[in-house]
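Written out below as structure tokens is the structure these notes cover.
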Amino acid sequence: MPKTKIIPYLEALFAVLVWGGTFIATKIALGEVSPATIVWIRFGMGTVILGIVVTARRQFAIPDKSEWLYFAMLGFLGVTFHQILQATGLQTAKATTTAWIVATTPVFIAILGWIALKEKLNGIQILGIALAGFGVLLIVSKGNISALFTGE
């Protein structure tokens, strides 16, 4: 395989490894600091890295003032709220359990798209959503789904 064709695969692999490692790193960090501290540190690191990349690429873009509230809401719900929930959840859950739950994000996006945006779902998509939901329940319950309803 030519060198130029392997680079995107290596970049994707790097992204997956870093993403997957965040659950373990967060779980370890929770032994020392609060979930809020972890979220602030992640945002600080992300801001610095994103600032460097944007500056290096000269990709400056400022949204119209009419879009600021929209972007603020997206930033809060899609990033901040998610990170706080993830870090707080890791205080009591295993890193692997949390990773599996977070991996269902596309399922919830599909369901919300169906509810809020009236997007159509075909039979295969509905089956995929049901299987993903069942899989998460199976993992979270450690194979005993009835325990979720009995509080065991």
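Values quoted throughout were computed directly from the atomic coordinates according to the rules given, and no laboratory measurement underlies them. Owing to the predicted nature of the structure, the values given are computational and were not obtained by experimental measurement. In this analysis, Cβ positions are derived from the backbone assuming ideal geometry, glycine residues included, and neighbour counts consider all displayed protein chains.
Quick check on the stretch 1-78: take the gyration tensor over C-alpha atoms, sort the square-rooted eigenvalues as a ≥ b ≥ c, and tell me if it's rounded (a/c under 1.5), prolate or oblate. Present the calculation step by step, with values, prior to reporting the outcome.
Numbers: a/c = 2.22, a/b = 1.05, b/c = 2.12.
Verdict is oblate for the stretch 1-78.
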Label-point separation (nm) for Thr80 and Thr105, each offset 7 Å from Cα along Cα-to-Cβ?
1.7 nm
For the stretch 65-152, shape from the Cα gyration tensor axes a ≥ b ≥ c, cut at a/c of 1.5 then a/b versus b/c, turns out oblate
For the stretch 16-24, Karplus-derived ³J(HN,Hα) couplings (6.51, -1.76, 1.60; θ = phi - 60°; whole Hz; x for glycine and proline) come out as 5, 5, 5, 4, x, x, 5, 5, 5
Per residue of the stretch 96-113, in order, report the coupling 6.51 cos²θ - 1.76 cosθ + 1.60 (Karplus, θ = phi - 60°) as ³J(HN,Hα) in whole Hz, putting x for Gly and Pro.
5, 4, 4, 4, 5, 5, 4, 5, 8, 3, x, 5, 5, 5, 5, 5, 5, x
Between Ile115 and Ile24, what is 0.36 nm times their sequence separation minus the Cα-Cα distance? Round to one decimal in nm.
29.4 nm
Using 16 Å as the cut-off for backbone N distance, which residues of the stretch 32-50 belong to the label zone defined by a point 7 Å from the Cα of Glu11 along Cα→Cβ?
50
So if I place +1 on the C-beta of Lys and Arg and -1 on the C-beta of Asp and Glu, and nothing else carries charge, what would the dipole magnitude of the chain be about its Cα centre? I want it in debye, nearest 20.
360 debye
Simple spin-label model, 7 Å along Cα-to-Cβ: Glu32 to Phe134 in nm?
4.3 nm
Cβ-based charge dipole, the chain, positive-most Cα from Ile126, Trp114, Val48:
Val48
From DSSP H assignment alone, runs of 4+ in the chain each adding -39500 (n - 2.57), the sum over residues rounded to the nearest 500 puts [θ] at 222 nm at -23000 deg cm²/dmol
